[in-house]
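Below is one structure; the comments refer to it alone.
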Amino acid sequence: MIDLLEIEFKGNRKNGYGNPGEIPLAIGDLVIVPAEKGKEAGVVSKLGRLVALKELDKDPVLITAKATQ
């Protein structure tokens, strides 16, 4: 099962994404997601059921990786 999470980007833009369960994530973690022109970094802002309720009308895009500093 794919875990759902909300990612926040610059400018308070937020989108729902899926985590195939292979990457352990917590709120505040920096992640890399696919974007129109390559990849984009964002911060995990919500996990689980709240995101699932908000994103029911579309299939989630999967995150690419957890970012390292």
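The values are calculated or read from the model by the stated rules, or taken from the named source; none is laboratory data. Fair warning: this is a prediction, and the values are worked out from it, not measured in the lab. Just so you know, the surface numbers come from the protein's heavy atoms only, side chains and all, with ligands and any DNA or RNA stripped out. Shrake-Rupley method; radii C 1.70, N 1.55, O 1.52, S 1.80 Å.
Below is a table of values for the structure above.
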read-out	value
The chain: relative contact order as a whole-number percent, Cα under 8 Å and 6+ apart	40
Net lengthening on full extension, LYS37/GLU22 (0.36 nm per residue, minus Cα-Cα)	2.9 nm
Probe 1.4 Å, accessible area per residue of the chain, Å²	71
Computed [θ] at 222 nm, deg cm²/dmol, the chain (DSSP H ≥ 4; -39,500 (n - 2.57); rounded to nearest 500)	-2000 deg cm²/dmol
Kirkwood hydrodynamic radius (C-alpha pairs) into Stokes-Einstein, the chain, 25 °C and 0.890 mPa s, D in µm²/s	206
